[in-house]
Amino acid sequence: MIYSTAQKLFILITVVFMSACGADNSKSEQWRALDINNTLLLTLPHGKVVIELAPQFAPKHVEQFSALIKKSFYHGTKFYRVIDGFVAQAGPKDGSDKDKSVSVLAIEGQFSIAKNWSFTPVQNNDLFAEVTGFKEGFALASDNNDSAWLTHCPGALAMARSNKADSASSHFYFVIGQAPRYLDKIMTIFGRVVYGMEHIQAIKRTSVIEGEYAVDSREHTPIVSLTLMADVPLNERIIIEVENTESTAFAERLIKRRARENAFYYKKPPPVLDVCQVPIKSRLVK
């Protein structure tokens, strides 16, 4: 691949930016292994899904969610609110003893960043933030040098809540539509799908168009099991490696994706790259 002067300049700026912000440029490997203590195995009737948790960005939510999973809290729970192009939401029956048994959480929609904090930039001044980028595989955004937040890209795992900011407990959702970024900062994202997104997309929709019969709750997709990967028997674990978003190779891929140099694009789109249009690669190790 031969890069144009502009492309070479962007790669140089990205590397210099990461270095200036304190990034470890020795991490040149293209792939990163997941921590099995922060990885989940979700089993649905039609397939298995692997989820990476983000304790570095939403520690309290990950802590409570992991504790519930340890108790098999979600086994048999159903996806009761599934809207095409939006989210697939699951949790215990509202108002049930099981629902009431879980403590509410303070929102972790944003997190503080230090002056030497680094990330791989994607775009300046998109519709929702001054800058977007990636940190440890997670899409994020920021408006200043003090705080940042994870973004509602497809596959993001977040905690549902009521109208009050600090009201999340156990109900969660996956983003299955085209990036409802207007939810950024006001919801807590605490994980992302790294394998099996097709099975998330295949969850039975519960919202129907006007004139159709309502979907009976008996048809809602159940959770067969939701388990920490570390607690899955060795012969049943699904071990995934994901793209290292701190690597130079990833920065170069961003350049290629923005340039759209393939001959298919006989008319070039603007050189803009939405952070939610950069799927992070993963590969099966076991």
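Where a number appears in this text, it was derived from the coordinates with a stated rule and is not lab data. Values in this document were obtained by computation on a predicted structure and should not be read as measured data. Glycine also receives a Cβ, built like all others from the backbone with ideal geometry; neighbour counts cover every protein chain displayed.
Normalised Debye scattering of the chain at q = 0.07, 0.13 Å⁻¹ gives log10 I(q)/I(0) of -0.28, -0.93, counting only Cα atoms as equal scatterers and leaving out solvent. Size estimate for the stretch 137-286 follows the Kirkwood approach: the inverse of mean 1/r over distinct Cα pairs works out to 18.6 Å. For the pair the stretch 241-286 and the stretch 162-205, the centres of their Cα atoms are 23 angstrom apart. Ranked by how many other Cβ atoms sit within 10 Å of their own Cβ, fewest first, the residues L150, L157, L254 fall in the order L254, L157, L150. Taking the Cα centre of the stretch 5-284 as reference, the dipole from Cβ charges on Lys and Arg (+1) and Asp and Glu (-1) amounts to some 320 debye. Along the chain, the exposed loop sites are chymotrypsin sites (Phe, Trp or Tyr not before Pro) outside DSSP states H, G, I, E and B with at most 11 other Cβ atoms within 10 Å, and the longest stretch free of them is 1-212. Taking trypsin sites (Lys or Arg not before Pro) across the stretch 75-179, the ones in a DSSP loop with at most 14 further Cβ atoms lying within 10 angstrom of their Cβ are K93, K115, K164. Once the Cα atoms are used to define both axes, helix 59-70 deviates from the longest principal axis of the chain by about 40 degrees. Per residue, the convex hull spanned by the Cα atoms of the stretch 163-218 measures out at 158 cubic angstrom. Expressed as a whole percent, the proportion of Cα-Cα pairs in the stretch 201-240 lying more than 16 Å apart is 57%.
Using bins of 10 Å that start at zero, the share of Cα-Cα pairs per bin across the stretch 86-208 amounts to 12, 40, 34, 12, 2, in whole %. Mean-square fluctuation check for the chain, GNM, Cα pairs under 10 Å: which of S96, S118, S207 is largest? Highest fluctuation among the options: S96.
Comparing A106, V50, P270 along the charge dipole axis of the stretch 5-284, the residue lying farthest to the positive side is P270, per the Cβ-charge model. Build a GNM of the chain with springs between Cα atoms under 10 Å apart, and of G155, G109, G211 the one that fluctuates most is G211. When the Gaussian network model of the chain links Cα atoms closer than 10 Å, the mean-square fluctuations of E241, E219, E210 top out at E210. Ranked by how many other Cβ atoms sit within 10 Å of their own Cβ, fewest first, the residues L228, L40 fall in the order L228, L40. Calculate how steeply helix 248-259 sits against the longest principal axis of the alpha-carbon atoms of the chain, using the helix alpha-carbon long axis, and give the answer as 0 to 90 degrees to the nearest 10. Around 90 degrees separate the two axes. Structural descriptor for the chain: relative contact order 28 percent, calculated from alpha carbon pairs under 8 angstrom and at least 6 residues apart.
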